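Notes for the one structure printed next.
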Amino acid sequence: MTTIAADLDTAPTSARHAVSSTSRRGTTFSEVRQARLQHGLQVAAVTTGLVSVTVAASAAILLGVSA
């Protein structure tokens, strides 16, 4: 009786192989890029909001003190 073992390991063996197989499949990780973009936009929006509130509060304090 002869036993034949098949090589079932389909993972890339090197970084070059991983990149080349990814480019052949057409996977561009667009979801990851989109998530990073959304996160950046959220951070920018929150920062802009905090700056606006701080400026408005400072102006209100200055106007209150000067009145």
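Numbers at a glance
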read-out: Within segment 21-41, tally of residues that are of a type in the set (D, E, K, R) and either at pLDDT 95 or above or surrounded by 10 or more Cβ atoms within 10 Å (Cβ to Cβ) (or both); value: 2
read-out: Matching entry among 5, 60, 15 (being at pLDDT 85 or above and hydrophobic (A, V, I, L, M, F, W, C)); value: 60
read-out: Odd one out for residue 44 among (1) open to solvent by less than 100 Å² (accessible area, probe 1.4 Å); (2) modelled with pLDDT under 95; value: (2)
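The values are calculated or read from the model by the stated rules, or taken from the named source; none is laboratory data. Keep in mind the model is a prediction, meaning the values are calculated, not measured. Cβ coordinates were reconstructed from backbone atoms using ideal geometry, including for glycine residues, and neighbour counts include every protein chain displayed. Note: areas computed on protein heavy atoms with side chains; ligands, DNA, RNA excluded. Shrake-Rupley method; radii C 1.70, N 1.55, O 1.52, S 1.80 Å.
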